[in-house]
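Read-outs throughout are calculated quantities, based only on the coordinates presented, and are distinct from any laboratory measurement. This is a predicted model, so every value here is computed, not measured. All Cβ positions, even for glycine, are placed from backbone atoms using ideal geometry, and neighbour counts span all protein chains on display.
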Amino acid sequence: MEQKIDLVFNAQQLHKYTLRKSNVSERILKLKALKKAIEKHEEQLYTALYSDLQKSKFESAVTELIFSYAELDFAIKHLSRWMKPRYIGKTFSNPFSTNRIYYEPKGVCLIIAPWNYPFQLVISPLISAIAAGNCVMVKPSELSSATSTVVKSILSEAFEEKEVACFEGDAGVSTALLSLPFDHIFFTGSTEIGKVVMAAASKHLSSVTLELGGKSPTIIDKEVNLAKAAEKIAWGKLVNSGQTCIAPDYIFVHQQQLDEFIGLYKAATEKLFFTNQKIDSSSYGKIISPKHFTRLKSLVEEAVNGGARIAIGGTFDEQNQRIHPIVLTQIPAGAKIMEEEIFGPILPVIVYENLEDVIDQINSKSKPLALYIFSNNKSNINKIMKSTSAGGTCINDVLIHISNPKLPFGGVNGSGMGSSHGFFGFKTFSHERAVVFQSKIDFNRLVYPPYIGKEWVLKILKKIM
């Protein structure tokens, strides 16, 4: 495998000089070829996603394929504008020069994708990389092996390996890939592995985009429609069985509303994911692997042994790798479930009396990938926004910011670095090259030596710079 990886990498290193000269029409044709190959394999993708995660066809369509088609169509529609040089204003010191920013491909890029949205999280950054004119090597997750196999078929049909190549396999394949001097690395996954990727990239000074995770909090203000909030949170927490990097990780509820919220959340989960008081397997998937199932079960057991209360649920279906929706309250200090990203259908609920305490608790942790605020009080919303930091935020909803390609998506510090989607993804895989066209009228010689008698130049520069 390592020999094959090296051969493809070397071929892409040579081909990147051809791709960097590609025009808008050529890149759009490549994006259209990708879309055509995806359409051809749609049914195989639905089957693979069900095999890996037991995602229903409807959920797979909404969260994986339609999402990717929208990203493709958006790039095709706007690529011409993105690729045009940006005209930049003049300065007083160079009033007659012309200044532009050119977007040029970074070169040979690596995309390492996770298992939770195993199609979308490969294709979305790939679209940006192709739009920007790069060669790409893709490593999908071995945990979602059925989907990874279909992804490889799609990419093999749409592209030559010297342009886009897919490598399946375990962590050893990732290690081999990360040993190479890529021009850019785009990684989606855990914060822990993100550090490994960044360390590997540093050896070659490769630029990186890290889409990580963390504990995304949700704040429910007293002045809100609690029933609507509970339903939105239930959907955002439980879609893909909670295995979503921007899922609400834990909730702050005012102490006077705790019981009401738990009742409304229970009603919402039953409405969305149960039929005749039984979990509906046609809309509620499974945990990706026995290892992840055991980890989640251990988090709950450790919290309960420390004094936490199971307010809703508690059923662990080991045979089907399915965990019914769980709500925990009275979480003990130091519980692992409040330190680790949960990545499952378990919702800790914390009560509060004032927003200052909530803000302090959020700021005591690593900056989250998402923060959700349910409130109709503008003053409280502004207070939370100004006092906290997060990769992205929704007011009175969850998850939906990721679906707008006009918005940047990304984390901050522990939840990631860099942005993706739309123009922001195109820019991530591009180098912004500053170019100055100097005019024949040039004042710069005024600062050339000799300096004797030029004190007047400094006085002028102080005024105009």
*Using 7 Å Cα-to-Cβ label points, what is the residue 270/residue 282 separation (nm, one decimal)?*
2.0
*asked:* Show me the three semi-axes of the equivalent ellipsoid for the chain, from the C-alpha gyration tensor (sqrt of 5 times each eigenvalue), largest first, rounded to whole Å.
replied: 43, 31, 19
*Considering the options 408, 456, 377, tell which one lies farthest towards the positive end of the dipole of the range 372-465, charges being +1 on Lys and Arg and -1 on Asp and Glu at the Cβ, about the Cα centre.*
456
*Excluding residue 23 itself, calculate the net charge of residues whose Cβ lies under 12 Å from the Cβ of residue 23, where each Lys or Arg counts +1 and each Asp or Glu counts -1.*
+4
*asked:* Among DSSP bridges having both ends in the chain, what percentage is antiparallel? Round to the nearest 5.
replied: 40
*Counting helices only, and only those DSSP H runs with n ≥ 4, report the 222 nm mean residue ellipticity of the chain as the sum of -39,500 (n - 2.57) divided by its residues, in deg cm²/dmol to the nearest 500.*
-13000 deg cm²/dmol
_the chain: relative contact order in percent, alpha carbon pairs under 8 Å with at least 6 residues between_ = 19
*Suppose R0 equals 56 Å; then what is the FRET efficiency for residue 47 and residue 451 from their Cβ-Cβ distance, rounded to the nearest 0.05?*
0.15
*Could you give the dipole magnitude of the chain about its Cα centre, charging the beta-carbon of Lys and Arg +1 and that of Asp and Glu -1, in debye to the nearest 20?*
2320
*Towards the positive end of the charge dipole of the range 1-154, with charges on Cβ (+1 Lys, Arg; -1 Asp, Glu), say which of 153, 98, 67 has the farthest Cα.*
98
_Cleavage-rule hits (chymotrypsin sites (Phe, Trp or Tyr not before Pro)) in the range 396-465: DSSP loop, at most 10 neighbouring Cβ within 10 angstrom_ = 451
*Calculate one ³J(HN,Hα) per residue across the range 48-57 by plugging θ = phi - 60° into the Karplus curve 6.51 cos²θ - 1.76 cosθ + 1.60, and present them in order as whole Hz with x for glycine and proline.*
5, 5, 5, 5, 6, 10, 6, 6, 5, 4
*If you place +1 on the Cβ of every Lys and Arg, -1 on the Cβ of every Asp and Glu, and leave all else neutral, what size is the dipole of the range 217-403 about its Cα centre, to the nearest 20 Debye?*
380
*Enter the Cα centre distance for the pair the range 70-118 and the range 199-214, rounded to the nearest angstrom.*
20
_If R₀ is 25 angstrom, what is the calculated FRET efficiency for the pair residue 1 and residue 156, using the beta carbon separation as r and rounding to 0.05?_
0.95
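Evaluate the relative contact order of the range 217-403 (contact order divided by residue number), counting alpha-carbon pairs under 8 angstrom at least 6 apart; express in whole percent.
Details: 313 pairs, mean separation 54.7, N = 187.
It rounds to 29 percent for the range 217-403.
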*Taking a ≥ b ≥ c as the square roots of the eigenvalues of the Cα gyration tensor of the range 217-403, is the shape rounded (a/c under 1.5), prolate (a/b larger than b/c) or oblate?*
prolate
_Contour minus Cα-Cα distance for residue 361 and residue 98 (0.36 nm per residue)_ = 89.7 nm
*Between the helical axis of 120-131 and the dominant principal axis of the chain, each derived from Cα atoms, what acute angle in degrees is found, rounded to the nearest 10?*
10
*asked:* Relative contact order for the range 146-261: what percent, with Cα pairs under 8 Å and sequence separation of 6 or more?
replied: 19
*Take the Cα coordinates of the range 104-171, assign each an equal point scatterer, and use the Debye formula without solvent to give log10 I(q)/I(0) at q = 0.22, 0.27 Å⁻¹.*
-0.87, -1.24
*Can you pull the one-decimal nm distance between simple spin-label points at residue 460 and residue 84, each 7 Å off the Cα toward Cβ?*
3.5
*Give, in nm to one decimal, the length gained when the segment between residue 382 and residue 17 is fully stretched (0.36 nm per residue of separation minus the Cα-Cα distance).*
126.6 nm
*asked:* If I model a spin label at residue 170 and residue 309 as a point 7 Å from the Cα along the Cα→Cβ vector, what separation in nanometres do I get?
replied: 4.5
*Take the Cα gyration tensor of the range 330-465, multiply each eigenvalue by 5, square-root it, and list the three semi-axes largest first, rounded to whole angstrom.*
49, 21, 16
